[in-house]
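The values are calculated or read from the model by the stated rules, or taken from the named source; none is laboratory data. Keep in mind it's a predicted model, so treat the numbers as computed, not measured. All Cβ positions, glycine included, derive from the backbone under ideal geometry; neighbour counts span all protein chains shown.
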Amino acid sequence: MAELPLTMVLRKIPAFGQLHERDLTALAGALRRRHLDMGGQLFEQGDPGGTMHLVTQGELSVRWQEGVTDQELEVARVGPGEFVGDMALLDLGPRSASVVARRESVLWELAVEDLMLLEETAPAAASAILTAVTALLTERIRHVNGQIEALLAGQPPLEAPAPDATDSGIFGRLWSRLSKT
């Protein structure tokens with residue numbers, strides 16, 4: 001099956017849907033296509049950051065290595081229209097999790113350097129990316145805050161995920177483990 005032009009794919013993502021065509025074209029030009037076969041590793045926990053990836057086809061598994069037991073937990077699944085490695089655009093620190101393809105996947109990579117260039121050449125595109133990353137990180141922080149409040153109060157969180165849910169997030173998984181002890 002033929003792939004849609006990248007600008008058409010980007011237009012369908014809410015964060016980029018309102019961009020002018022020139023900004024969408026600039027954004028598409030800044031992205032580098034990546035292909036992962038099933039089981040292929042995008043990056044490993046602890047690797048240097050510096051790139052964010054937009055999934056357009058397939059599914060990725062986000063895995064976190066627990067330091068105490070060295071057990072690896074799947075903490076999220078990422079599919080078409082979602083980002084992974086987003087913190088790397090704001091913080092060049094080491095990767096906080098590993099990412100592996102659950103099935104054959106197509107990703108579009110944005111390097112920090114390319115984002116900086118977009119800020120000069122297509123500021124609306126750069127702003128859309130940063131707004132999307134900020135919204136995603138804010139959502140995660142709010143979720144974590146709720147989890148912490150619940151733990152401190154000795155209560156399960158109001159939106160506690162099912163213990164066996166694969167996309168429940170790291171704190172849902174940790175909550176499940178903590179509540180069993």
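Assorted remarks:
- Residue under evaluation GLY40, criteria (1) free of Cβ contacts under 8 Å to residues at least 60 places away in the same chain; (2) farther than 22 Å from THR121 by Cα; (3) among the small types (Gly, Ala, Ser), criterion not met: (1)
- All conditions but one from (1) modelled with pLDDT under 90; (2) surrounded by 13 or more Cβ atoms within 10 Å (Cβ to Cβ) apply to LEU158; the one that does not is (2).
To keep it simple, each residue is scored yes or no on (1) in contact with a helix residue (DSSP H, G or I) (Cβ under 8 Å, 6 or more places away or on another chain); (2) among the charged types (D, E, K, R); (3) loosely packed, with under 15 Cβ neighbours inside 10 Å.
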site: ARG22; (1), (2), (3): no, yes, yes
site: ALA30; (1), (2), (3): yes, no, no
site: ASP91; (1), (2), (3): no, yes, yes
site: ARG95; (1), (2), (3): yes, yes, no
site: ARG102; (1), (2), (3): no, yes, no
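Matching residues to (1) surrounded by fewer than 20 Cβ atoms within 10 Å (Cβ to Cβ); (2) over 27 Å from LEU117 (Cα atoms); (3) free of Cβ contacts under 8 Å to residues at least 40 places away in the same chain:
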residue	(1), (2), (3)
LEU36	no, no, no
GLU44	yes, no, no
VAL55	no, no, no
PRO80	yes, no, yes
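- ASP70 satisfies every condition listed in (1) touching a strand residue (DSSP E or B) at 6+ places or on another chain (Cβ under 8 Å); (2) surrounded by fewer than 20 Cβ atoms within 10 Å (Cβ to Cβ); (3) more than 21 Å from LEU136 (Cα to Cα) except (1).
- Each residue in the stretch 16-63 was checked for being acidic (Asp, Glu) and either in contact with a Phe, Trp or Tyr (Cβ under 6 Å, 6 or more places away or on another chain) or closer than 15 Å to ARG95 by Cα (or both), and 2 of them qualify.
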